[in-house]
Amino acid sequence: MADLSPAGTGLRTAPSGTRLSEALLPLELAPRAQLQLAAVSRWNALRGIRVGLCSAALLLLLIGANLATPVYPLLQQRLGLSAFDTTLLFTVYVFALVPTLAAAGHWSDLVGRRALILPAVGLAASGDAIFATANSFGQLAAGRAVQGIAVALATGAAGAALGDLLPDHPTLAAKLTLACSAGGVALGPVVGASLAGGAHPLLTPFLVHAVALLVLCVPLALVHPRMPGARRPHGTPPRITTALHLRPRKLTVPAAGRRVFLLASGAGFVSYAVFGVYLSLAPAFSAGLLHTHDRMVGAVVAALLLGSSAAAQLLIPPTANRRIIALGMTGLALGLGLVVTAEYAHVAALLFLGSVLGGTCQGIAFRSLFTSAVAAMDPARRGSEMSTLWVIVYLGSSLPIVSVGALSQHYGLLPAVSGFAVVAATACLGLAAAVLKRA
């Protein structure tokens, strides 16, 4: 679903008596003129519609991955889960996501973007069903794993598809990718809390989200697929002929712009570590300070940081000014300091101020680095290189969160979060110094 150019003659005609769909697999590689497609798959949608479908898929998948944040306290009561169990559920998601992203990140470069996005959306709906009917930690973990696999399949493909669809607007493509990712993570807790206020708080959010995903599957299935990236020259052999082409490959980074790619990956790693701690522990962390156990209040606190980040990425243009990027990473460190200080000083205003400051500064810095990193990617390997970046970024949501959860069991929540904030703030300042250093 990536390329909007007219169908070309990049593929050979199928041998006599053999359908092209059998001779050259998969269909994603075949120009429309050479395919005998069913009528339902002939919707040659406009570019704006294709961009909207990619963005909606990425946004909905990330909303679903964070839909359970406000109901974790209720799950802890019903199933007897601890704070460490909650952080483990977050890391199960990441431990399923990262290996899948590493193994299958290059698939969309071979089989097409829609070939991964469509099954990912359907798989996420099944993850909702598992999570909604879970009555044990094992079933919750299984649901989180399915959600992680679904997000992994779609993350690199959707980001690469937006880059393919908007080759003349790379900044807009990067903005949409990051805004849908951060916006989905921020909206997930709020949507979950708003849907969990009825008689079935553990069922309604996931049921509504699953229906939304299944509805999205309809236009994704109807839209006519396109080759990923630019059209291949005449006579070029198919990109994939056997299953061996889909075997896992080494993670690749752009040959040009390697330094900014690593800076973007490092900033994303630290950012997602902070995001993960917020999403898993913010409701419990803020309950004592705000003297309330209302699910919506905890969801809003969890979403403040990510919502500010998404808003900054949408509203503030990216910059190549190294000082501004460095100030952004420094602002994230300062925001973390204010959040921890709020708990020690019992001043709720510092919690909100630190969350908004940290999220806004993170959004400015990360989007600028991310845009430069995407601009340096090879269009023919955009899916693979994009997946490499997200593998590093999502690793930030794994071991740091487990460590905070384990420390909270032994030393308490506030000391554990304080120690994490010190380490994360130090990493932010180190990245700020690396950005200021001349290449």
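The values are calculated or read from the model by the stated rules, or taken from the named source; none is laboratory data. Here the structure is a predicted model, which means the values were calculated and not measured. Positions of Cβ are generated from backbone atoms using ideal geometry, with glycine treated the same way; all protein chains shown enter the neighbour counts. Surface areas here come from the heavy atoms of the whole protein model, side chains and all, with no ligands, DNA or RNA. Shrake-Rupley method; radii C 1.70, N 1.55, O 1.52, S 1.80 Å.
Whole number in Å², please: accessible area per residue of the stretch 119-184, 1.4 Å probe, ligands, DNA and RNA not counted.
So the stretch 119-184 comes to 26 Å² accessible per residue, rounded to a whole number.
Ranked by accessible surface with a 1.4 Å probe, highest first, in what order do Thr91, Thr292 come?
Heavy-atom accessible area, descending, gives Thr292, Thr91.
With a point put 7 Å past each Cα toward its Cβ, work out how far Lys437 is from Thr133 in nm, to one decimal.
5.4
Place a point 7 Å from the Cα of Leu262 along the Cα-to-Cβ direction; which residues of the stretch 405-439 have their backbone N under 20 Å from it?
426-439
At q = 0.19, 0.21, 0.24 Å⁻¹, work out log10 I(q)/I(0) for the stretch 354-439 with the Debye formula, treating every Cα as an identical point scatterer and leaving solvent out; two decimals please.
For the requested q values the scattering log ratios are -1.06, -1.17, -1.27.
Which FRET efficiency value, to the nearest 0.05, is calculated for Leu74 and Ala103 with the Förster distance at 35 angstrom and r the Cβ-Cβ distance?
Efficiency for this residue pair is about 0.50.
Taking all protein chains as present, what is the carbon and sulfur share of the accessible area of the stretch 124-227, in % to the nearest whole number, probe 1.4 Å?
76
With every protein chain left in place, what is the accessible area per residue of the stretch 256-394 in square angstrom, probe 1.4 Å?
About 35 Å² of surface per residue is accessible.
So what are the three principal axis dimensions of the stretch 174-214 from its Cα atoms, in whole Å, longest to shortest?
40, 21, 9
Find how much the distance from Leu429 to Arg323 grows on full extension, using 0.36 nm per residue of separation minus their present alpha carbon separation; answer in nm with one decimal.
Result: 36.9 nm gained on full extension.
State the percentage of accessible surface on the stretch 318-439 attributable to carbon and sulfur atoms; use a 1.4 Å probe and exclude ligands, DNA and RNA.
71
For the stretch 254-305, count the residues as N, evaluate 2.2 N^0.38 Å, and divide the Cα radius of gyration by that value, please.
1.64
Just grab the label-to-label distance for Leu46 and Leu290, each label 7 Å out from Cα along the Cβ direction, in nm (one decimal).
Rounded to a tenth, the inter-label distance reads 4.1 nm.
Which FRET efficiency value, to the nearest 0.05, do you get for Leu315 and His169 by plugging their Cβ-Cβ distance into 1/(1 + (r/R0)^6) with R0 = 22 Å?
According to the calculation, E is roughly 0.85.
Grab the Cα-Cα distance for Leu203 and Ala255, subtract it from 0.36 nm times how many residues apart they are, and report the gain in nm with one decimal.
Computed gain between Leu203 and Ala255 is 14.0 nm.
Can you tell me how much longer the chain between His346 and Ala406 gets when fully stretched, taken as 0.36 nm per residue apart minus their C-alpha distance, in nm with one decimal?
19.1 nm
In Å, what Rg and Dmax follow from the Cα atoms of the stretch 85-231?
Cα only, the stretch 85-231: 16.2, 53 Å (Rg, Dmax).
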